[in-house]
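To start, the structure itself, in structure tokens.
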Amino acid sequence: MHFVTSRITEPLKKKFTKQTRNYRMQAFIGHLGIRNGERVLDLGGVPEFWENCPIPLDITILNLPGYNPRTVPQSHHRITLVEGDACNVEFAKDNSFDIVFSNSVIEHVGDKAKRSEMAREVRRLAPRYWVQTPSIWFPMEAHCHMFFWWFYPESVRRFFMKRWRKSLPAWTNMMLGTTVVLRGEMLALFPDAAIWTERKFGFTKSYSAFRSSAP
């Protein structure tokens, strides 16, 4: 069993995702005071995500080798695709960008030590940043769309993983590499940040650690 996908539910899911991204983008623009032409480093993102941002930006998107699209889609932004590691951005000097942005990535980079390395790079590379991660308290898990996934016994999660691996091995590996990052850890990783809490239907959907000015 995988998350439910059908001709009926898929359009609803896409509409929900679009609304969520638009809402989150408006929060990002407002809290960081985004200005035309600013240099943004997006750790682990995709070009399509930025179509929700009406302000033209100079965006560098960093992904692991093989994860970027082959070509850059037409956009009102200037978009550059690079390969690298979000936990060790070797090509960039301190404060090379105006803003570092990351959406639902920090929970995939590895253990607590790796998350700390990514947070260090975020804070090193720009005076302002925005790092988002899904909340464990939202009923539907953000990646597999299973209700209350993180509250299942480990044996139950292993059962689903075993079944998923037969038809979706790469996706299953992604799920196996996903961790929960709680609000307290976000505050510890980004001690100079404020936390914006996204809510949907009365539930906490995600946390975004952001710094809107130089420390």
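The values are calculated or read from the model by the stated rules, or taken from the named source; none is laboratory data. Computed from a predicted model, the values in this text were never measured in an experiment. Note that we place each Cβ from the backbone using ideal geometry, even for glycine, and neighbour counts take in every protein chain shown. Heads up: the accessible areas ignore ligands, DNA and RNA and are worked out on the full protein's heavy atoms, side chains in. Shrake-Rupley method; radii C 1.70, N 1.55, O 1.52, S 1.80 Å.
In a loop (DSSP other than H, G, I, E, B), open to solvent by less than 60 Å² (accessible area, probe 1.4 Å), modelled with pLDDT of 90 or more and of a type in the set (Ser, Thr, Tyr), is that true of residue 133? Show your work before the answer.
Details: in a loop (DSSP other than H, G, I, E, B): no; open to solvent by less than 60 Å² (accessible area, probe 1.4 Å): yes; modelled with pLDDT of 90 or more: yes; of a type in the set (Ser, Thr, Tyr): yes.
No: the conditions fail for residue 133.
Out of 102, 135, which single residue is touching a Leu at 6+ places or on another chain (Cβ under 7 Å) and hydroxyl-bearing (Ser, Thr, Tyr)?
102
In the set 194, 126, which member is under 30 Å from residue 93 (Cα atoms), among the small types (Gly, Ala, Ser) and buried (at least 17 other Cβ atoms within 10 Å of the Cβ)?
On the way: 194 fails: buried (at least 17 other Cβ atoms within 10 Å of the Cβ).
From the options 194, 126, the qualifying one is 126.
Give the residue that is farthest from residue 206 (Cα to Cα), with candidates limited to residues of segment 136-156 that are open to solvent by 20 Å² or more (accessible area, probe 1.4 Å) and in a helix (DSSP H, G or I).
Result: 155.
Give me the residue from segment 168-215 that is part of a loop (DSSP other than H, G, I, E, B), of a type outside the set (A, V, I, L, M, F, W, C) and under 27 Å from residue 97 (Cα atoms) and, out of that set, modelled with the lowest pLDDT. Don't jump to the end; show me each part of the working.
Our first condition is that a residue be part of a loop (DSSP other than H, G, I, E, B); within segment 168-215, this holds for 168, 177-182, 190-193, 201-202, 212-215.
Those still in the list that are of a type outside the set (A, V, I, L, M, F, W, C) too: 177-179, 191-192, 202, 212-213, 215.
Narrowing further to those that are under 27 Å from residue 97 (Cα atoms): 191-192, 212-213, 215.
Details: 191: 97, 192: 96, 212: 95, 213: 83, 215: 64.
Taking the candidates together, the pick is 215.
Residue-by-condition table, conditions (1) of a type outside the set (A, V, I, L, M); (2) assigned to a strand (DSSP E or B); (3) open to solvent by less than 40 Å² (accessible area, probe 1.4 Å); (4) touching a Gly at 6+ places or on another chain (Cβ under 6 Å):
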{"site": "50", "(1), (2), (3), (4)": "yes, no, yes, no"}
{"site": "54", "(1), (2), (3), (4)": "yes, no, no, no"}
{"site": "65", "(1), (2), (3), (4)": "yes, no, no, no"}
{"site": "79", "(1), (2), (3), (4)": "no, yes, yes, no"}
{"site": "96", "(1), (2), (3), (4)": "yes, no, yes, no"}
{"site": "118", "(1), (2), (3), (4)": "no, no, yes, no"}
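Every residue in segment 102-116 that is touching a Lys or Arg at 6+ places or on another chain (Cβ under 8 Å) and open to solvent by 20 Å² or more (accessible area, probe 1.4 Å), please.
Selection gives 103, 109.
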